[in-house]
1. Taking the DSSP beta bridges in chain B as the whole, what percent of them are antiparallel, to the nearest 5?
2. What does the charge dipole of the protein assembly as shown about its Cα centre add up to, to the nearest 20 debye, if the Cβ of each Lys and Arg holds +1 and the Cβ of each Asp and Glu holds -1?
3. Determine the per residue accessible area of the stretch B:1-147 with all protein chains present and a 1.4 angstrom probe, expressed in square angstrom.
4. Considering the dipole of the protein assembly as shown built from charges on the beta carbon (Lys and Arg +1, Asp and Glu -1) around the Cα centre, which of A:ILE207, B:GLN358, B:LEU262 is farthest to its positive end?
5. Given a Förster distance of 30 angstrom, what is the FRET efficiency for A:ARG385 paired with B:GLN115, based on the Cβ-Cβ distance and rounded to 0.05?
6. Can you tell me how the stretch A:301-390 classifies by the Cα gyration tensor, rounded, prolate or oblate, using a/c under 1.5 as the rounded cut?
7. Please give the per residue accessible area of the stretch B:329-418, computed with a probe of 1.4 Å over protein heavy atoms only, in Å².
8. Pairs of alpha-carbon atoms within less than 8 angstrom and 6+ residues apart define the contacts here; what relative contact order does chain B have, in percent?
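The values are calculated or read from the model by the stated rules, or taken from the named source; none is laboratory data. All values reported here derive from a predicted model rather than from experimental measurement. Here Cβ is always computed from backbone atoms with ideal geometry, including for glycine, and neighbour counts include all displayed protein chains. Remember, those area values only see protein heavy atoms, side chains included, never the ligands or the DNA or RNA. Shrake-Rupley method; radii C 1.70, N 1.55, O 1.52, S 1.80 Å.
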Amino acid sequence: MEVKKKLVALGRADVAIIGAGVVGCALARRLTLDGASVIVLEKAADVLDGASKGNSAILHTGFDAPSGSLEQDCIAQGYKEYLETCETLGLPVLRSGALVLAWSQEQLDELPKLIEKAHKNGVTDVSALTKSQILKREPYLSNNVVGGFEVPGEFLIDPWASAHAYLLQAMANGAVLYRDTEVVAGQYDGQQWRLETNAGSVCAAQIINCAGLYGDIVEQRLIGECPFTVTPRKGQFVVFDKSAAALASSIILPVPTKTTKGIVVCRTIFGNLLVGPTAENQESRTDSSTISDMLAHLREKGIEMIPNLEECEVTAAYAGLRPATEFQDYQIRRIEGKNYTCVGGIRSTGLSAALGIARHVAGLIAPDEFSFQAIEDPIIPAPDRLSNYHPRDWEEPDNGGIVCHCELVTRREIEQVLNGPLPPSTLQGLKRRTRVCMGRCQGFYCTGELVKLTAGRFNLPMGLGHDDQ
Amino acid sequence: MTTNNGGLPRKSDVAVVGGGTAGLALATKLKRLGVGSVIVLERENDAGGIPRHCGHYPFGIREYGRLLKGPDYARRNVEAAVDAGVDIKTEVTVTALHPDGRLSLTTPAGKAELQAERVVLCTGAREASRPQRFIGGDRPLGVLSTGALQSMTYLQGMRPFRRPVIIGSELVSFSAIDTCRHLGIRPVAMIEENDRILARRLVQPYLMMRGVALFTKVKNLRILGRRQVEAIEFIDAAGKQQSIEADGAIISGRFRPEAALLHLSHLEVDPGSGGPMIDQFGQCSDPSYYSAGNLLRPAETSGWCWQEGIETAKWIAEDLSRGQPAVVPSVRVQLVDRAIGFSVPQRLSISDRTGGMQKMQIGLNVPVKGYLEAISGGQSISNTWLNSRPVRRVQIRLAPIVQNCSKSPVELSIQRNK
C-alpha cells in the first residue's frame, strides 16, 4: 500500500529501501516475500525515474560479463529467476536470441575469446556462425557483416512492467511506498536507523541504499563517506516504428569493448526496433537530454547494419543514465555493525540482474540465524500487459475503446492504471505503464483525450488550466 | 471475435478507412452514384477528421458555397454522408489490412472483421513529431504538435502553456499562432531551419504585429527544461548561440501520411510520398484497395481532399460496376532527379479504362527553377516550366503522359538550363 500523508508515527519497519528503481523494486519484493516489513522511499514523483527509466530492455544471460565477478553472478541468478517467475507474475518474454556480429577483421579476431568467455560464464549454448548462416537467419542485415556467434538465451522484456510487478507484489503483500520522499540525513543508534526525509522521519532496523545515480551522495549523507563516485554514463537511443521490427528478429549485438557493450539493434517487446545506446560520461545526474547529431548518427549506424531502415520512420528518441563508477564491478557491500547495505554501481545490467541482486542482498542482511518468516501464499498482482507479441486489452471485449491509436491503448487500461495501487503521478509514469504517447504520432491524436482522462491525477498536469482561467 | 462482430456488418460493398474530409466526401459520392452499401470506419469518437479541431476559417467555400469554421465544416460533411445513406461507424479501429479487401478491426466490444468489395484508405496525415525531426534536449511537458495543441484547446478547452515557441513556418504554423492567440497564449518566436519561411504568406508584418520574433536558418535546436519547457536553444543564421525563454514548443508542419496500417500490410508503399503506390485512378497494388486524401502525400487543404474524394468515388463506382477487381498492366514513374521527392500517382495503368486524375502531383526536395520533363521510351512526352519550392503545390498535366508513355517507364527529370 502507498501512504499519501506525511510520514508521522510510522512505527518501525524491518527494512527501509532508498530508491525505487528496478533494483529497489526487486529488493522490496524479495524482502517482503521473505517476511520482512519493508518501506520504500523514492525521491522522485514516480518510481523508475532514474537509471531505470531508459535502457535497451534486454534480459541478458551475462555471457560477456567479467567472469567470476559479482555482476556476472547476479546476472546469472537474476536471469534464472526471471524466467522462473515471469509466468507467475504475468511478465512477457520475447525469446528472440541474440547474434554478436563482427563487421571487421579486427572484430572477427575477438570472437573466439568471447565465445570462450561465454562458455566459462556458464552460457554454454553460445556457438559460432558463418557469414552465410548469419545472413540466412537475418536476411535484412548488410552484406558487410563478416562473422559472429549466436547467444540463444538473450531475450527481450518489458523493463517497466517487470519493475512495477516486483513493487506491486511487494505492496500487495504489505510493503509501503513513499514517493516525493528524499532522504536527507540519518542516524543509527545501535538498534535502528532513523532516516530524516523532506516528508518526515522513518525508522527501520536495516537500510539498503539503492539510490542508483545518487548512491554515493546518499552514502555520504548516512555514513559520512563513500568509497566510490558515480559518473553517470548517458546512453541515447533512437526507436523506429513497428514496420522496422520485421527487419531483425534477433538482438543484434556488437563486439563489446571495455567500456560499453556498443550499439545494439533490436526489437522491443512493444513491437518497435531500437538502435542504441551511446556511451557518454558526464557529471550531471539529471541531464538525460538528447543531442540531435547523436540521434542522426544512431540512425546512420542502424542503416549501416540494416540498410532497409532508411525507409522506416523514427518514432521516438530518448536517453538513459547508467550509474557507472570508477570500478568495473557492482559496489554491493554491507557495513557490519551499522545495519547498512549499499547496492551501488549497478550500471547497465541492472534490469537483468535485479532479481539476482535481490537474492544476494537478502542473503547479506538476513543470514540464516536472523532470517524472516517467509510469506506462505503471497498475493500476485495483475501486471501491465503491453507486449506487442502477447494478447493485449484492445482484443478483449468491453475495453472502452482505443484512446492511443499508435500503441492501441484502451480507455480501460488507462483507467485501471490511474485507479490502481501504483497510479502514475506524471505523464511519463502513465506512458511507462500504458504506452500512451509512446508511438509514432507522439500525442498528435490522443493528447486532447488524455488531458481529459488525467485531469486532477498528475502533480504536473498536462494542461495549465481552462482557457477561461 | 465478438459474436455480433462488434455491432458491425460482416460485409460491405465499400469500406472507407478514415472518416475525415476525403473519406466522407468519397463515401457520400459513392452512395449518390448508387453504390449499395458504403461503410466509413472512424477510430475517433466522432467522424470529421482534422477540421473538427481547426476552430478557424476558411473551410467549405467550394463544397458548401459559404465560409465555415473547421468544426462546422466537419459536421456538414458528416451530415451529408448520413443523408446520402453512408453507414458511419465510430470508435472502430482497423488493425490489419488483408489481401482482397478483408479487414481486421477492433471496437470497444472487442475484435471484429469486415469483408469489402473495395476498401478505400483515407487515413490522412499528421505532423512529424519531435523525435522524427531529431530535435534534441530534455523531454519536459509542453512540447506539442499543432494537432495536439488544437485538440487539447479546441476539444477540451485546456491550454498547455502561455509563451511557447513555434518550430516550423508552414501554413499550419501560422494556424498555430492563430489558435494560440485565440486562447490568450502569446507565442514568442517562430523558428525555421530552412533559409526562409515555407508558407506562401506575407509574414514579416504578420509576425511583427503579433510580437513574434522570427529566426530562419537555425541549427542545433534544443528544447530545455526539467519538468515544463524553460528555454529553446539554437544557433542562429549568423552563427550565434541563442536562448529564448519559453514555457512550451509547438512542433508544427512537415506533414506525413498516417500510413502505419499501410506499412504493416501487403500493399506497396512509396517511400517518397510516404503513402501507397497508386495509379491514376487511386488504385493500390492490390486492386481491391484504393486511396484518397492526405494519405497520398504530405498534406493538402481540406477542399483539395474533398475534391479528391469525389473524383476517386467516381472511379471506384465505375470499377465496381465491372465486377471483380483486376490487376492491369502499368508502368512506373521513376524520379531520376533527386530534386523530385515524389510523384502521385507513382504508376500509370495501361488499359482501356479512361478518365482518372487530370494532374500529377509533384513534391520537391529543394527549390527548383527549370523544366520538369517526362521521358518514356527515349521520347520526351511532357515538358512543364517550374519555379517552386518544397512544401508548395506542384502539378503537371497527366493526359499527355498517360497517352504517350508507350508501355515503358516514365522518367521525370529537371532541365535547369533551357
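1. Percent antiparallel among DSSP bridges in chain B is about 60.
2. Around 2660 debye, computed over the protein assembly as shown.
3. 36
4. B:GLN358
5. Efficiency computed from Cβ-Cβ geometry: 0.50.
6. Oblate.
7. On a per-residue basis, the stretch B:329-418 sits at 51 Å².
8. 15
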